[in-house]
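Visitor: Quick one: the structure is below, and I'll ask about it shortly.
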Amino acid sequence: MSEIVDGLNGCGQGHLLRFMNELDAEGKRRYLAQLETLDLELLASLLETHVLRKPETVVAGKVEPPFSFPLEPVDNTMATFYGEAVERGRRLLAAGKVCALTVAGGQGSRLGFEGPKGAYPVTPVKKKTLFQYFAESLKRARSKFGGPIAWYIMTSSSNDAATRAFFEECGFFGLGADTVFFFSQGEMPAIGFDGRILMRSRDSLVMAPNGHGGTLLALRKSGALDRMASDGVEHISYFQVDNPLVSVVSPLFIGLHDLNKSEMSSRALIKTGPFEKLGNFCLVDGKLTIIEYSDISKELAEARGGDGELLFKLGSPAIHVLARGFVERLTRDGQLNLPWHRAEKKVPFIDDSGRLVEPTEPNAVKLETFIFDAIPMAENPVVLEARREEEFAPVKNKTGVDSAESCRSMMIARDIAWLEAVGVRVPKRADGTPDCVVELSPASFFDAEDVEARFGSDAPSMESRGEYYFE
Ligand code: UTP
């Protein structure tokens, strides 16, 4: 106890002890246990660099555009290589050497949905939740590729119990409870702009998940890495909980990653413009790096090559494959130094008199690390372009850009594109937009190939203003 008191007083956080004498024995015990989780040395240094002032975000070094594998092979040699990669990816999946990993520890504050974001209903007809959509897709992938494909889901302390309960209630969507693993990520306290850690109540701090970069250490600390090793998993197919269109596992992507002996690979989208809010793939002093949209200079963002295209045209949809050995290497000594990022948020807290304050303007800093900051530490990192319409429909906001509404339209458009590619006639309005609602169940349609197999020679007939669900 006296060690904590000295430590807190020593770094200007003595106010955290102000209600200590009012707490009963149980409250005191719980609160002390929480205080003990704080890394005071790290916090003291972050206070200086990231809280009391904004960190420098100047990108030092020579910045160039990186190589990326294109969507379609550009010549015969590349076509042969892609063919080998698909074959390799399928074999790795069949042999159980690949698992899926969904990061679902975020707070989803922009969406403002009560409950884990994965329990948010997204599909156009059946209103399936994000978790159900991924689960069905994984189930189909297991039968299509003939391998076990375990599913790891990262939660955080505020949604861990609710996430587990949701899966229980839904019978693990038929995946088998012993094939889905939850693990919880680390946290950091929210800190007021004045440098004081905020309290949620008289016996608790305001804690927040420490960013998706926390995945790496959480995999190690939770024992998930050990489990993967003993199950023979070599590669981790990583995606975010709010992007239902993602291929939960992609044979081509996994195969390219493996054939190139890459430690961490990434999908990339062609940006819609210089300032699209996606991380930018760059080579910084020869190392593949993602520079946040807020950190890239205007000059670099707008730079164009001789062909008129943006030089830094590749944006990150946060889809990766990581080698298990890479995560092991980075976290071997139980530490991982990824750079910290500062986010300014509106954070309710109790003041010195114990009264709840609900700020209307940002009042605090949350500290996070990002998984993509591990890319420069990876050997042979691969970038593979992705077709936006097929891989990326994020649900971030209530309305407008990247909302449930835009996601719904993109899901319909993707399913219609797959149907039209095999000759199904889909009713359209005069302006070319679909005049019907369509939903393909991922339990049957993992990819365009599955659509071809079902409808290639037996196209369903569809009518204007109809609502169609195919399973
Ligand atoms: P976002 O950056 O969109 O954050 O996360 P968020 O917390 O979900 O939403 P807002 O910003 O509060 O509205 C992108 C992905 O990373 C995961 C999220 O769950 C989402 O899948 N994530 C984010 C974590 O798993 N842990 C974190 O600490 C942060």
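The values are calculated or read from the model by the stated rules, or taken from the named source; none is laboratory data. Nothing here was measured: the structure is a model prediction, and the numbers come from that model. Ideal geometry is used to build each Cβ from the backbone, glycine not excepted, and the neighbour counts take in all protein chains shown.
Visitor: If you go through the stretch 1-38, how many residues are surrounded by 15 or more Cβ atoms within 10 Å (Cβ to Cβ), touching a residue at least 40 places away in the same chain (Cβ under 8 Å) and not in a helix (DSSP H, G or I)?
Guide: 4
Visitor: Further, regarding this structure: Given the conditions (1) farther than 22 Å from E344 by Cβ; (2) among the β-branched types (V, I, T); (3) surrounded by 22 or more Cβ atoms within 10 Å (Cβ to Cβ); (4) more than 11 Å from the ligand (Cβ to nearest atom), which single one is not true for V180?
Guide: With (1) farther than 22 Å from E344 by Cβ; (2) among the β-branched types (V, I, T); (3) surrounded by 22 or more Cβ atoms within 10 Å (Cβ to Cβ); (4) more than 11 Å from the ligand (Cβ to nearest atom) applied to V180, the lone miss is (3).
Visitor: What are the residues in the stretch 211-236 that are in a helix (DSSP H, G or I) and among the β-branched types (V, I, T), if any?
Guide: T215 - this is the single residue of the stretch 211-236 that is in a helix (DSSP H, G or I) and among the β-branched types (V, I, T).
Visitor: Quick one: would you say G147 is among the small types (G, A, S) and closer than 30 Å to D231 by Cα?
Guide: Numbers: among the small types (G, A, S): yes; closer than 30 Å to D231 by Cα: yes.
Considered against the rule, which asks whether it is among the small types (G, A, S) and closer than 30 Å to D231 by Cα, G147 comes out as yes.
Visitor: Let me ask something else about it. Looking at the stretch 438-461, can you tell me whether even one residue there is surrounded by fewer than 13 Cβ atoms within 10 Å (Cβ to Cβ) and on the phi > 0 side of the Ramachandran plot?
Guide: The answer is no, given that none of the residues of the stretch 438-461 is surrounded by fewer than 13 Cβ atoms within 10 Å (Cβ to Cβ) and on the phi > 0 side of the Ramachandran plot.
Visitor: Being surrounded by 18 or more Cβ atoms within 10 Å (Cβ to Cβ) and away from the ligand (no atom under 16 Å from the Cβ) narrows it down to one residue among P376, P317, P381; which is it? Give the steps one after another, and end with the answer.
Guide: Numbers: P376 fails: surrounded by 18 or more Cβ atoms within 10 Å (Cβ to Cβ); P317 fails: away from the ligand (no atom under 16 Å from the Cβ).
Of P376, P317, P381, the one residue that is surrounded by 18 or more Cβ atoms within 10 Å (Cβ to Cβ) and away from the ligand (no atom under 16 Å from the Cβ) is P381.
Visitor: Assuming E72 fulfils every condition listed in (1) surrounded by 14 or more Cβ atoms within 10 Å (Cβ to Cβ); (2) within 30 Å of Y468 (Cβ to Cβ); (3) without any contact (Cβ under 8 Å) to a residue 12 or more places away in the chain apart from one, which condition is it?
Guide: Going through the list (1) surrounded by 14 or more Cβ atoms within 10 Å (Cβ to Cβ); (2) within 30 Å of Y468 (Cβ to Cβ); (3) without any contact (Cβ under 8 Å) to a residue 12 or more places away in the chain, E72 breaks only (1).
Visitor: So which residues in the stretch 108-119 are within 11 Å of the ligand (Cβ to nearest atom), assigned to a loop (DSSP other than H, G, I, E, B) and either of a type outside the set (F, W, Y) or in contact (Cβ under 8 Å) with a residue 12 or more places away in the chain (or both), if there are any at all? Please lay out each step first, then the result.
Guide: Quick first cut of the stretch 108-119, residues within 11 Å of the ligand (Cβ to nearest atom) only: 108-113, 116-118.
Now drop any that are not assigned to a loop (DSSP other than H, G, I, E, B), which leaves 108-113, 116.
Within the stretch 108-119, G108, S109, R110, L111, G112, P116 meet the criteria.
Visitor: Please go through the stretch 256-299 and give me each residue that is acidic (D, E) and either touching a strand residue (DSSP E or B) at 6+ places or on another chain (Cβ under 6 Å) or outside any helix (DSSP H, G or I) (or both), ordered by number.
Guide: Kept after step one, since they are acidic (D, E), are these residues of the stretch 256-299: 258, 263, 276, 285, 292, 295, 299.
Matches in the stretch 256-299: E263, E276, D285, E292, D295.
Visitor: Counting just the residues of the stretch 185-201 that are assigned to a loop (DSSP other than H, G, I, E, B) and within 12 Å of the ligand (Cβ to nearest atom), which one comes out modelled with the highest pLDDT?
Guide: Filtering the stretch 185-201 for residues assigned to a loop (DSSP other than H, G, I, E, B) gives 185-186, 190, 193-196, 198.
In the following step, the residues that additionally are within 12 Å of the ligand (Cβ to nearest atom) were identified as 185-186.
On the way: Q185: 98, G186: 95.
By that ranking, first place goes to Q185.
Visitor: In the set A85, A60, A150, A79, which member is more than 16 Å from the ligand (Cβ to nearest atom), small (G, A, S) and modelled with pLDDT under 95?
Guide: Values: A85 fails: modelled with pLDDT under 95; A150 fails: modelled with pLDDT under 95; A79 fails: modelled with pLDDT under 95.
Answer to the selection: A60.
Visitor: Shifting gears a bit: So in the stretch 202-226, with the set limited to residues that are among the small types (G, A, S) and closer than 21 Å to C11 by Cα, which one is farthest from the ligand (Cβ to nearest atom)? Let's see the steps before the verdict.
Guide: From the stretch 202-226, those among the small types (G, A, S) are 204, 208, 211, 213-214, 218, 222-224; that's our starting set.
From the residues that got through so far, the ones that are closer than 21 Å to C11 by Cα too are 204, 208.
Numbers: S204: 19, A208: 7 Å.
Checked the stretch 202-226; the qualifying residue farthest from the ligand (Cβ to nearest atom) is S204.
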